[in-house]
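Step one of this worksheet: look at the structure below.
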Amino acid sequence: VVETDQGPVSHRLDLQQTQQTFTLRFAAKPQAVLLDPDLRLFRQLAPQEAPPILRDVMVHPATETLILSDQDDIRQLAATLAEKLQRRAPKLLTNDQSLTDAPALIIGLHADVERWLDALSLPGIPQAIAAKGGAKVWTVAKPDGATLAIVSVTDTAALEALQRPLPHYGRQSYLAFDGRQMIEKGVWPMQVQRRAIE
């Protein structure tokens, strides 16, 4: 689909080779090209097309874990949760270490998580779960393509309640829990490849 000044124009192109050149003519000025916007082709998705899900962080061998608390009880519960999610001893970062380009799991109390997100100019708690439950979990795709999974809780009880249910929700992008009860879940929409035309 080519977005033009007069609206979108669809074209079906028959590829016979690995690389091929096509010439298209338009009555109006083209603004952008969208490749397979309806996801009709069976193909490998580009890294930025697939929505980030918890599984991206759970199974990646290089996942880093950052616990945003100095409280021993929070740190212990967060480390246990990270180990259950990753099924191995987590690679724990200290608060003075920066994240690398690997996927990362961030765990903390709401106020600490909000401060951390603000400091990195990352989006806050998603609207879909902002007013729901004592524990909120969501994913964010970093500009380099790696996934951040963020676990934000009101208190130690909310963090402890996540230990059993959360590892079973790897296919989700966001969740809200009231105690052990999951009350909201979902997957972020696909991101269509869009290239601006200059």
message = With +1 on the Cβ of every Lys and Arg and -1 on the Cβ of every Asp and Glu, and nothing else charged, how large is the dipole of segment 1-148 about its Cα centre, in debye rounded to the nearest 20?
response = 500 debye
remark   = FRET efficiency (R171, Q6; Cβ distance; R0 45 Å; to 0.05) is 0.65
query = How big is the accessible area of I197 in square angstrom, nearest 10, if you roll a 1.4 angstrom probe over the protein chains?
reply = 70 Å²
note = In the chain, taking the dipole from +1 charges on Lys and Arg beta carbons and -1 charges on Asp and Glu beta carbons about the Cα centre, the listed residue (P103, H168, L117) farthest towards the positive end is H168
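Pairs to check: K91/K136; K84/K185; K29/K142. Give those whose C-alpha atoms are more than 25 Å from each other in this structure.
On the way: K91/K136 22 Å; K84/K185 20 Å; K29/K142 32 Å.
Violating the 25 Å limit, Cα to Cα: K29/K142.
So what's the net charge close to A78: Lys and Arg +1, Asp and Glu -1, counting the other residues with Cβ under 12 Å from its Cβ? If you can, show how the numbers build up before the last one.
Values: positive: R75, K84; negative: D70, D72, D73, E83, D112, E160.
Its environment carries a net charge of -4.
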key: E114 - accessible surface, heavy atoms, 1.4 Å probe, Å² rounded to 10   = 100 Å²
key: Heavy atoms of R115: accessible area, 1.4 Å probe, square angstrom to 10   = 140 Å²
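Could you state the accessible area per residue of the chain in Å², with a 1.4 Å probe and every protein chain left in place? Could the numbers behind the result be given before it?
Values: 12070 Å² over 198 residues.
Accessible area per residue: 61 Å².
Quick one: in segment 1-141, what % of C-alpha pairs are over 19 Å apart? Numbers along the way, then the final one.
Values: 6478 of 9870 pairs.
Roughly 66 percent, once rounded to a whole number.
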query = For segment 20-77, what is the per residue volume of the convex hull drawn over the alpha-carbon atoms, in cubic angstrom?
reply = 202 Å³
task = Could you state the angle between the C-alpha long axis of helix 72-86 and the longest principal axis of the C-alpha atoms of the chain, as a value from 0 to 90 degrees rounded to the nearest 10?
result = 40 degrees
Sequence of F42, F26 when ordered by accessible area, the most exposed leading, probe 1.4 angstrom = F42, F26
key: Highest-first arrangement of 107-113, 2-8, where packing means the average Cβ count within 10 Å   = 107-113, 2-8
task = Report, in degrees rounded to the nearest 10, the 0 to 90 angle that the Cα long axis of helix 110-119 makes with the longest principal axis of the chain.
result = 40 degrees
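The values are calculated or read from the model by the stated rules, or taken from the named source; none is laboratory data. Note that the coordinates shown come from a computational prediction; the quantities given were computed from them, not determined experimentally. In this analysis, Cβ positions are derived from the backbone assuming ideal geometry, glycine residues included, and neighbour counts consider all displayed protein chains. Surface areas here come from the heavy atoms of the whole protein model, side chains and all, with no ligands, DNA or RNA. Shrake-Rupley method; radii C 1.70, N 1.55, O 1.52, S 1.80 Å.
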